[in-house]
Every structure is written in C-alpha cells, then in structure tokens.
1. Mind checking the full-extension length gain between K204 and N33? Use 0.36 nm per residue of separation minus the Cα-Cα distance, one decimal, nm.
2. Helix 114-128 versus the longest principal axis of the chain: what is the Cα-based angle in degrees, 0 to 90, to the nearest 10?
3. Regarding segment 160-256, what whole-number volume in Å³ per residue does the convex hull of its Cα atoms give?
4. To the nearest 0.05, what FRET efficiency results for K81 and K121 with a Förster distance of 25 Å applied to their C-beta separation?
5. Run the helix sum for the chain: -39,500 (n - 2.57) per DSSP H stretch of 4+ residues, divided by residue count, reported at 222 nm to the nearest 500 deg cm²/dmol.
6. Which value, to two decimals, describes the C-alpha radius of gyration of segment 1-56 once divided by 2.2 N^0.38 Å?
7. For labels at T74 and N183 in the simple 7 Å Cα→Cβ model, what's the distance in nm?
8. Can you compute the modelled spin-label distance between N46 and T3, with each label point 7 Å from Cα toward Cβ, in nm?
Amino acid sequence: MATPHTIAVAGKGGVGKTTTCGMLIDYLCKKKNGPVLVVDADANANLNEVLGVEVETSLGAIREEMAQAEMKGTIPAGMTKADYADFKFNSAIVEEDDFDMLVMGRTQGKGCYCYVNGVLKTQVDKYAKNYSYIVMDNEAGLEHIARGTLPHVDTMLLISDCSRRGIQAVARIAEMVEQMNLNPGQMGLIVNRAPGGVLDDGVKAEIEKYGLKLFGVLPHDESVYRCDCDGEPSSKLPDNDPMKVALKGIAQSIGL
C-alpha cells in the first residue's frame, strides 16, 4: 500500500477542534478510499466520545507499564523487549469498521522514557503502512509531532473559533510549525462556530494580519451543541447537517 496521507489537527482547547476532527474522520471513512488510523494525541483525550468509541487503554499507560517492567526486570521470560512492546501496543488498538484508533494519553511517572518513546514511534511507523489516511488530533503544543511520532505531515489543519483570541492562538501554532521545520505539504485555517457561516470583519482582519491561509468557515451548529450536552457522538450526525456539509466542501477543496 502507498504511503498514507497524514493529517494533523491542532488548536487551543474549547474551539471545537475535536468535533471538527471527528467529522473529518467520518468524511474520510465514507469516501471508502481505504482504512483510516486515528491517533488521539491530545492529553485531554475525548475524540473517542465524538466518534462514539469505547477505549480500554492508552499508549501512555502502556508506556508506563513497559518502563516499569524494564526497570523491575518483569518482562515475561522468553520475550524480548521488542516482542513485549508489540504485544502491549497491539492491545491498545481499537478496531472499528472503517477506522482503527490509538489514544496516546499521558505519562505520569518519572524517569527516562527514551526507549519506550522510540518504540512508540516504531509502532506508529509500522502501522502507518496499513492505512490510506492517518489523522492525529493534537493539543496546541504539538508535542507528539515535535517528537517525530508522526511521519511527515501532509495536511496541517489549524482550528479556531471565530474570535480574535482564537485566531491569535492558531497564529502561534503556525509559528511553532515553522520553527520546528515541520514543512507540512499544506497548512491552513478552519474557523469554527461562525454565526450563519459568515466571518466578522474584525476576525477577517486578524487572519490577514497574521498571514494565515483560510481553508474555510464552519457555521455554528445547534445539533453539535445538543450532542455535546447529551453526550452523543457528533460525528454520527446525518450527512445533511450544516457543519458536515460545510466541512465536506472544505475537505474537497483542499484535495482530501
């Protein structure tokens, strides 16, 4: 299989980033162009709720277990460290019909995790070959991308709400992307929760001020709000939902 198209999604908390990410995953799955690997790399992981998926464990928890096992010498007899890593990481993949999911989670313990971080990168590299798309939901700090956990990023989506502060936050992320020499194939802004899907002139001016490329605008969506309130997966809203329709148009316009 060809190299997967890798999509990284980033933005500050509370701007609808994870909802946007979930709907993008739903769009990619419905295209039937091949399987999607979903990586939730936000420490406040809740992408599984947007997708309606139960998650048993995270890679952070497994990384912790592995580091402890190596330190205490409790890796099962007859297994190499690599075998043990394979065994543990395989148990972390949540398999759905159209996508598989890995939740990064966070690491609580102290000590050196260089070996297990290396294993984590190896595992992602190994799995990547089986997918047409990898979609990684990141926190604003882009920690896992900075560590090289992901292969090259083909599409970087910066998500903001329609506030000046939100635009300023993604401008800082865009600056970080440049400083880290990530060189994504394409990078642009999606503005979420715009009343009637229209941007205010002040927000437009802020986007121009920071030289951000605008990929598109998503309308405020009452159905998404209701899903959030009721604990329902917003990615499963019908395809004629206004936010889904707008996001599909943006995805097609940037070649996804």
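Where a number appears in this text, it was derived from the coordinates with a stated rule and is not lab data. For clarity, every value in this text was computed on a predicted model and none was experimentally measured. Here the Cβ is made from the backbone with ideal geometry for all residues, glycine too, and neighbour counts use every protein chain on show.
1. Working: separation 171, 0.36 × 171 = 61.56 nm, distance 3.46 nm.
The K204-N33 span can extend by a further 58.1 nm.
2. Between helix and principal axis, roughly 60 degrees.
3. Taking the convex hull of the Cα positions in segment 160-256, it is 116 Å³ per residue.
4. The value I calculate is 0.95.
5. Here the helix-only value at 222 nm equals -13000 deg cm²/dmol.
6. Numbers: Rg = 11.9 Å, N = 56, 2.2 N^0.38 = 10.2 Å.
Scaled against compact globular proteins, the figure is 1.17.
7. Calculated label separation equals 4.5 nm.
8. 3.5
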